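As structure tokens, the structure follows; a few thoughts come after it.
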Amino acid sequence: MTYSISQIAGLFACRAVINNPDARVSHLLSDSRNLLYPAESLFFAINTKTGDGHDYIVQLQKAGVRSFVVERMPDCNPSGCNFLICDDSIEALQQIAAAHRGRFDIPVIGITGSNGKTVVKEWLYQLLSDRYRICRSPKSYNSQIGVPLSLWELDDSSDLGIFEAGISRPGEMSRLSRMIRPTAGIFTNLLAAHDEGFASRQQKLAEKLLLFSSCELLVYRKKYAIEDAVRKINPSVRLVSWELDSDEADISVHLKPSASGCEAQYVFGGESGSCLIPFADEASIEDALHCLAFSLAWGAGRPELSRLEHIGMRLKMLDGIRGCTLIDDSYNSDLNSVAIALDFLHANTEQTGQQRTVILSDVRPGGRIESEVYEQLALMLSSKGVSRLVGIGRGISSHADLFGCRKQFFPSTAAFLADMPDFRDEAILVKAGRSFGFEQIIAALEKKQHETVMEVNLSSLVHNYKLMRSQLRPETKTMAMIKANAYGCGDIEAAKCLTHHHCDYFGVAVTDEGVELRKAGINASIIVMNPEPSCFDRLIEYRLEPEVYSFRLLRQFAEAADRLGASRYPIHIKLDTGMHRLGFLPSEVDSLAAELSGFRSLSVASAFSHLATADDPAGDDFTLAQIRQFEDATARLKELLGYGFIRHILNTAGIWRFPEHQLDMVRMGIGLYGVAPDDKTDIRNIASLKTIILQIKDVKKDETIGYNRRGTLDRDSRIAAIPIGYADGLDRAFGNRRGYALVKGQKAPFIGNICMDVCMIDVTDIADASEGDEVIIFGDDLPISRLAAELGTIPYEILTKVSARVKRVYYNE
Ligand SMILES: *Cc1c(COP(=O)(O)O)cnc(C)c1O
């Protein structure tokens, strides 16, 4: 739908500078990266924490955009362009969307709640799209900006709208509600998510319910007990509730497990019926029952819940064959979702420069004229820089002429697979409606996982953190040591995860590690244990905090801090209480304090020391002596400085063995990464190094294996080659049967010398071992601590040795 620029200017309070009165507006643009239709886009220059939209105006002018909503006149040549100057660009966007919404007298379903909004919206769409031409929010566009952009998609062909609304602060819902004006609503649930912005759960509920202040019908789950709060704001609303096995709810549902999920037997208004739900998890069942209840209450009858499909909330990126990258999005194919996927393709190739290819099925016309849909598709492909199209299906094939790029068409997925074209170094978006069976295309194009990977279980990392945390006083601070790439497990990932769980400090070894963390958005305090003077400027620029262990370092750092105009810059004093590595001796505390008092640019944030032998009961006297010395030295330092600071001395073993000396903070290391003494059975392994069998050979007795013929066979054997070697961090000491890997849970000794990239294992006794099987180097069933003991090294070395070329794969359970 298009508006003239003067119509738009009439929709909200603004001062209009019109230099192009003929300009039309059919698209609203809030992010310059999403530009598709320059001539008919209206750009909203929005000022956020992360950037100012006004900075992109000149660039957009060049790209052909003619109309702008701005908060101040930008510094640019205004000729040929329209500027609508207002106080608040977001409010302008909302007012325009509200006016647009007002033109449609159609049912509109509004959805809010803590969780499940997007799933319920998408499922209602799946259930109702045969009967209605539905306009819905794309993805989870439910924010102050997402909602107006969603509403703008309403046009004369729409006969039903489904929009979700999400809020994080008081005051937001009334704005969303005024825009959406739902005629019917679904309240999904109320959980702790996003509690932070609200004074109480009650306040949050009241705020969310504002969405329904003018609804005729509201569907909800009885257990969330929202009746009273809703009636206060909307006395005439018709409330329909559902609940499991309950006489109180309007719709009572009884669940029976079934082979493919569960069966929902329901009673509503004296009528009973049943539906199959193809899911077994609680969240999906709740979301499906919202859809059931809504359909019944709204008079749309018993829905075909069995047709519901899991919503892939994220497009999946996979490594493809021959240098290709795959973007897998094969769950639906309406134009809306194609646009989102194209954005994703575009955004992910801007840096790599890979050629953009799209393998696309027929697009669902969604009630529109087919040729128009394909015309729009062709425009989208060209504006997103797609250079190659593979169309699969009769619909898209019959519009082949519309597409300007390199193109090929196939009548069916089978025809494509039978005669698959060549792909090389391309980024390929694979996008189809579910009926096209594009999983087969993904399977054909995906690179088989024959790399060696280290899997890192981030849920277990968090578990270990919480477990160690639970042994401390609540007020004790925590520092996670994530030096050396978090002991090889991935420092950015570890820091992101632990930040969520309120870890106070992070410890890295060198400045560059800290800089990478800052660049990845980690805002917590970061201590650099070995701050190199050549990096002081960067260290200060990135707000990293140095460990200071000597007078020389102190003076050098004070000089840098002064030069850069720092004031009371936090530093961390390292005391040497017996490790005799780095640090001031306790006897130096007086002169240290004297020097420190002279440096106005510095302030001691903490003082610490490191235990040399906390894990060894035989050294306990020494450890206690270290702790005593530390306490005395820090007491003296505090007295001389005249201010307090954080004191910390315990590492992982210290936390477990001397928790009474936790002081103000502890430093967690190896325990986080899942290595613990045998009695700490609650600590979970987080890292698994895995590979696969590349090739198996039958080798006769008396033949030899590998370099220098070191692997000798005293029987006819089956020998498997696996793609991991010392360059991946596999210790050569494992060779010649001194170590083993696990295949199908059984021991397969390394045979012969370990080579650089490949090595051999003996699978003679593992009858069903075959090529392609998984091989565990270490993991849940082959603990790093056991390997370390057998090798005569320490777990730290095994973990940190896994080289950078081994891909880390992170997952949450
Ligand atoms: C590495 C390190 C730690 C962590 O030690 P773990 O034994 O892994 O818990 C603690 N403090 C300092 C100063 C460190 O360098």
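The values are calculated or read from the model by the stated rules, or taken from the named source; none is laboratory data. Please read all numbers here as calculations on a predicted model, not as lab measurements. So basically every Cβ, Gly included, is an ideal-geometry build from the backbone, and we count neighbours across all protein chains shown.
Sort through A605, A653, A614 and tell me the only one that's of a type in the set (A, V, I, L, M) and assigned to a helix (DSSP H, G or I). Show your work before the answer.
Working: A605 fails: assigned to a helix (DSSP H, G or I); A614 fails: assigned to a helix (DSSP H, G or I).
Every option except A653 fails the conditions.
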Condition test on G353, is it in contact with a Ser or Thr (Cβ under 9 Å, 6 or more places away or on another chain) and either hydroxyl-bearing (S, T, Y) or part of a loop (DSSP other than H, G, I, E, B) (or both)? no
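Residue by residue, here is whether (1) among the acidic types (D, E); (2) crowded, with 20+ Cβ neighbours inside 10 Å holds:
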site: G395; (1), (2): no, no
site: C405; (1), (2): no, no
site: F409; (1), (2): no, no
site: R424; (1), (2): no, no
site: E439; (1), (2): yes, no
site: A444; (1), (2): no, no
site: E451; (1), (2): yes, no
site: M454; (1), (2): no, yes
site: K466; (1), (2): no, no
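Can L255 be described as touching a helix residue (DSSP H, G or I) at 6+ places or on another chain (Cβ under 8 Å), in contact (Cβ under 8 Å) with a residue 12 or more places away in the chain and either among the charged types (D, E, K, R) or farther than 16 Å from G110 by Cβ (or both)? Before you say what the answer is, go through the steps one by one.
Values: touching a helix residue (DSSP H, G or I) at 6+ places or on another chain (Cβ under 8 Å): yes; in contact (Cβ under 8 Å) with a residue 12 or more places away in the chain: yes; either among the charged types (D, E, K, R) or farther than 16 Å from G110 by Cβ (or both): yes.
The answer is yes for L255.
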Can you name the condition, by its number, that M317 falls short on among (1) assigned to a strand (DSSP E or B); (2) modelled with pLDDT of 95 or more; (3) surrounded by fewer than 20 Cβ atoms within 10 Å (Cβ to Cβ)? (2)
Can you pull out the residues in the range 599-634 that are among the polar types (S, T, N, Q), within 16 Å of the ligand (Cβ to nearest atom) and under 16 Å from E547 (Cβ atoms)? S606, S609, T634
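Would you mind stating whether I670 is β-branched (V, I, T), within 16 Å of the ligand (Cβ to nearest atom) and under 20 Å from A484 (Cβ atoms)? Quick ask: steps written out before the conclusion?
Values: β-branched (V, I, T): yes; within 16 Å of the ligand (Cβ to nearest atom): yes; under 20 Å from A484 (Cβ atoms): yes.
It is true that I670 is β-branched (V, I, T), within 16 Å of the ligand (Cβ to nearest atom) and under 20 Å from A484 (Cβ atoms).
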Of the residues R628, R568, R600, only one is farther than 27 Å from H463 by Cα, at pLDDT below 95 and out of contact with any Leu (no Cβ under 9 Å at 6 or more places or on another chain); which? R600
Please enumerate the residues belonging to the range 784-793 that are within 16 Å of the ligand (Cβ to nearest atom) and surrounded by 15 or more Cβ atoms within 10 Å (Cβ to Cβ). I784, S785, A788
K747 versus (1) over 35 Å from the mean Cα position of the chain (by Cα); (2) touching a residue at least 24 places away in the same chain (Cβ under 8 Å): which is the lone unmet condition? (2)
Taking T476 as meeting all but one of (1) over 30 Å from S803 (Cβ atoms); (2) out of contact with any Lys or Arg (no Cβ under 9 Å at 6 or more places or on another chain); (3) of a type in the set (V, I, T), write down the number of the exception. (2)
Name the single residue that is farthest from the chain's Cα centre (by Cα) among those in the range 9-61 being of a type in the set (D, E) and under 23 Å from G385 (Cα atoms). E40
So, in the range 168-217, how many residues would count as being surrounded by fewer than 24 Cβ atoms within 10 Å (Cβ to Cβ), in contact with an Asp or Glu (Cβ under 9 Å, 6 or more places away or on another chain) and either of a type in the set (V, I, T) or not in a helix (DSSP H, G or I) (or both)? 8
I'm trying to understand the selection: among the residues of the range 364-399, which are hydrophobic (A, V, I, L, M, F, W, C), touching a residue at least 40 places away in the same chain (Cβ under 8 Å) and part of a loop (DSSP other than H, G, I, E, B)? V386
Working only within the range 539-555, note down all residues that are away from the ligand (no atom under 16 Å from the Cβ) and crowded, with 16+ Cβ neighbours inside 10 Å. L539, I540, Y542, L554
Any hit, the range 205-228, residues being within 30 Å of F44 (Cα to Cα) and free of Cβ contacts under 8 Å to residues at least 24 places away in the same chain: no
Scan the range 4-13 for residues that are closer than 16 Å to W152 by Cβ, touching a residue at least 60 places away in the same chain (Cβ under 8 Å) and not in a loop (DSSP other than H, G, I, E, B) and report the count. 2
Requiring at least 1 residues that are aromatic (F, W, Y), the strands (runs of 3 or more DSSP E) wholly within the range 14-97 are 41-44, 67-70, 82-85
Would the range 750-767 turn up any residue that is assigned to a helix (DSSP H, G or I), more than 16 Å from the ligand (Cβ to nearest atom) and not small (G, A, S)? no
Being more than 16 Å from the ligand (Cβ to nearest atom), touching a helix residue (DSSP H, G or I) at 6+ places or on another chain (Cβ under 7 Å) and not hydroxyl-bearing (S, T, Y) is the requirement here; does D682 meet it? yes
If you check every pair at least six apart or on different chains, which have Cβ atoms under 6 Å apart with a residue in the range 485-506 that is at pLDDT 90 or above first and a residue that is within 13 Å of the ligand (Cβ to nearest atom) and of a type in the set (F, W, Y) second? Y487/Y673; C489/Y673; A495/F506; L498/Y465
Restricting attention to the range 675-691, report how many residues are among the hydrophobic types (A, V, I, L, M, F, W, C) and either modelled with pLDDT under 90 or in contact with a Ser or Thr (Cβ under 8 Å, 6 or more places away or on another chain) (or both). 4
Can you pull out every residue in the range 219-236 that is β-branched (V, I, T) and in contact with a helix residue (DSSP H, G or I) (Cβ under 6 Å, 6 or more places away or on another chain)? V219, V230
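One line per residue, one yes/no per condition, for (1) within 15 Å of the ligand (Cβ to nearest atom); (2) without any contact (Cβ under 8 Å) to a residue 40 or more places away in the chain; (3) in contact with a helix residue (DSSP H, G or I) (Cβ under 6 Å, 6 or more places away or on another chain); (4) of a type in the set (K, R):
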| site | (1), (2), (3), (4) |
| --- | --- |
| G565 | no, yes, no, no |
| G578 | yes, no, yes, no |
| A593 | no, no, yes, no |
| S597 | no, no, no, no |
| R636 | no, no, yes, yes |
Residue check, G583 against (1) within 39 Å of the chain's Cα centre (by Cα); (2) within 14 Å of the ligand (Cβ to nearest atom), all met but one. Which one? (1)
Residues in the range 685-702 that are part of a loop (DSSP other than H, G, I, E, B), of a type outside the set (S, T, N, Q) and within 16 Å of the ligand (Cβ to nearest atom): how many? 1
Step by step: first the residues of the range 641-666, then only those that are surrounded by fewer than 16 Cβ atoms within 10 Å (Cβ to Cβ) and more than 16 Å from the ligand (Cβ to nearest atom), then the one that is nearest to Y505 (Cα to Cα). Which residue is that? G644
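Go through the range 492-526 residue by residue and tally those that are charged (D, E, K, R), closer than 23 Å to K574 by Cα and touching a strand residue (DSSP E or B) at 6+ places or on another chain (Cβ under 8 Å).
2
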